[in-house]
1. Do we have Leu119 as more than 18 Å from Ile19 (Cβ to Cβ) and part of a strand (DSSP E or B) here?
2. If I go through region 275-303 residue by residue, how many of them are closer than 18 Å to Arg441 by Cβ and either of a type outside the set (Lys, Arg) or assigned to a helix (DSSP H, G or I) (or both)?
3. Given the condition out of contact with any Phe, Trp or Tyr (no Cβ under 9 Å at 6 or more places or on another chain), farther than 20 Å from Val356 by Cα and not in a strand (DSSP E or B), answer yes or no: does some residue in region 224-232 qualify?
4. Suppose the filter is farther than 30 Å from Asp158 by Cβ and either buried (at least 19 other Cβ atoms within 10 Å of the Cβ) or modelled with pLDDT of 90 or more (or both); does Phe307 pass it?
5. Search region 129-149 for residues that are at positive phi and in contact (Cβ under 8 Å) with a residue 12 or more places away in the chain and pair each with any residue that is of a type in the set (D, E, K, R) and buried (at least 19 other Cβ atoms within 10 Å of the Cβ) when their beta-carbon atoms are under 6 Å apart and the residues are at least 6 apart or on different chains.
6. Hey, can you tell me all the residues within region 513-531 that are part of a loop (DSSP other than H, G, I, E, B) and out of contact with any helix residue (DSSP H, G or I) (no Cβ under 6 Å at 6 or more places or on another chain)?
7. I'd like the full set of residues that are part of a loop (DSSP other than H, G, I, E, B) and of a type in the set (Ser, Thr, Tyr), limited to region 320-372.
8. From the list Ser204, Ser124, Ser149, Ser98, which one is over 20 Å from Phe50 (Cα atoms), of a type in the set (Ser, Thr, Tyr) and either assigned by TED's automatic domain parsing to the domain that holds Ala534 or touching a strand residue (DSSP E or B) at 6+ places or on another chain (Cβ under 8 Å) (or both)?
Amino acid sequence: MAKRQRAQRTNKHSEISTIRHSASHLLAEAVLNLYPETKLAIGPATEEGFYYDFEFKRSLTDADLPKIEAEMIRLAAEGRKFKHSQKTIAAALKWAQSCKQPYKIELIKDLKKAGHKRLSFYASGRFTDLCEGPHVKNTSAIGAFKLLSLAGAYWRGDEDNPQLTRIYGTAFATKKELAEHLKRIEEARRRDHRVLGERLDLFSFHEEGPGFPFWHPRGWFIFSEILTYMRRVLAESGYQEINTPIILNERLWHKSGHWDNYQESMYFTEIDKRKYAIKPMNCPGGLLIFTHRLRSYRDLPMRMGEFGLVHRHELSGVLHGLFRARSFTQDDAHVYCTPDQVKGEIKTLIRLTLKVYRDFGLTDYRIELSTRPAKSIGSDAIWRKSEKIMKDIIKEERLKVEINKGEGAFYGPKFDFHVRDILGRSWQLGTIQLDFSMPERLGATYIDKGGKKKTPIMIHRALFGSLERFIGILLEHYGGALPLWLAPIQAAILPISDKETAYAKKVLAALATAGLRTFLDDRNESLSRKIRDAELQKIPYMLIIGPKETRAKTVSVRDSSGDTGSKSLVQTIKHLSGFRRP
């Protein structure tokens, strides 16, 4: 049954991907019909829809999208077949040159360099594009589609290349599915963590540090509370916490392999006329701590965690609040172990990862095994061995795992954990990466039972990936109304008038003494205004105090569901204190 359900999901994904890819071709044809001098770049299907990148002679605005969409609808109604063909490199170049499409010419030349002899094309009516496919049978089978937005995008993601116009759209098999998706998009806009961050006064971004988040007191509380939670969990799991420098010399990054495989994402500086790099990852620094003194097999497994601030060069066009920033904190850990300890450590890490997600209310997940990428370090034998270990774990633990070919880390295969939020969106969070190569490159050793030096095996692990990004995901998942233990303000105390202020201050002091985070709203405003403002601030509880409550020494408690009745201070403190950190 489970296999059949997985197969059905796979087929459904394949079907929708085919529809969306076909819609991207329809978009390109519609654009050429309306703006004949446009240059075409690429147009793939995505997890949420599709896009196509164009170079227009004039600037487009959102007002142009309905016109393009109307042309797409007209073309779709014609029901023209998608016809597949192949061309030699010479014929493909001749086609691209005759169409005056420079980006297609560049792609064809690159495919030639990669060793391709013949290239795949698809045509529908008068429109032909370089494409591997697949496509639906004809344009009328594309289903229901909608153009969503415009954005700038550098050709091949390189800011030194021309900036193109990217048109985003989405497509589904039925109008009902499209309508449901558009409804989810609207809800996602309301939950946008950047909007919530501003409204709730959690964080901000500034031109003085583009792409670098500035944490405000309430936002930093959330950040710190997650750190406190994780430190407890890791201590219970036998981890030692370390901290390594942000800047390390260039030589280290050559030895680790980052220079050859990650240089374009790194920042560099110079100190005393010597070159240094700002760390994009924590692992080389952690290895220096491991190699600082002689280790014994009795020390292993050694689990060292670091909440390390890293910096990565992201293009300005892809920056997206906390989701895509230039500096972020990795909840990083490295486990150094012997060969016979590897499987047990990875199995324990998988269980730990899923436990943490459950504690944050994220229970819908899937796991991917990402295998050797095109750029990598380590021998073929090492990669075969490490990938076999990961596949053995899948069988032994009876895990449901998807294979993601060619997307492993440059130093080893990895398990990636994807969670779905309340809107059904998938987020890649944790990763467990098996590394036989980097410890050897940096000279890490331990003394085995026979007194011989051996190289430990290194497991890289992050549960959130980036704390900043994880907070952004939580904000959107909960719509800003975080669980009580994470809420910066747990209760707002709302006196009806000045006459209740003295008692309200006593309530404030009693709750603060109990360790609860409260806020007294003693403004000269109506009660309805105070309640509305507290709701907008996503404060979980409101404690309303009027003449009756003042006389009885109680509070009237209100939460997201409405009024829950009058309670004594003792009852209120007990109720709020029942929602402690997991």
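The values are calculated or read from the model by the stated rules, or taken from the named source; none is laboratory data. These numbers were taken from a predicted model, which means no experiment stands behind them. When we count neighbours, we look across all protein chains shown, and the Cβ atoms used for this are built from the backbone with ideal geometry, even at glycine.
1. Answer is yes for this residue.
2. Result for region 275-303: 14.
3. Checked against the condition, which is being out of contact with any Phe, Trp or Tyr (no Cβ under 9 Å at 6 or more places or on another chain), farther than 20 Å from Val356 by Cα and not in a strand (DSSP E or B), region 224-232 yields no hits at all.
4. Spelling it out, Phe307 is indeed farther than 30 Å from Asp158 by Cβ and either buried (at least 19 other Cβ atoms within 10 Å of the Cβ) or modelled with pLDDT of 90 or more (or both).
5. Cβ pairs passing all conditions: none.
6. Gly515, Arg517, Arg523, Asn524, Glu525, Ser526
7. Correct list: Thr338, Thr363, Thr371.
8. Matching residue, one of Ser204, Ser124, Ser149, Ser98: Ser204.
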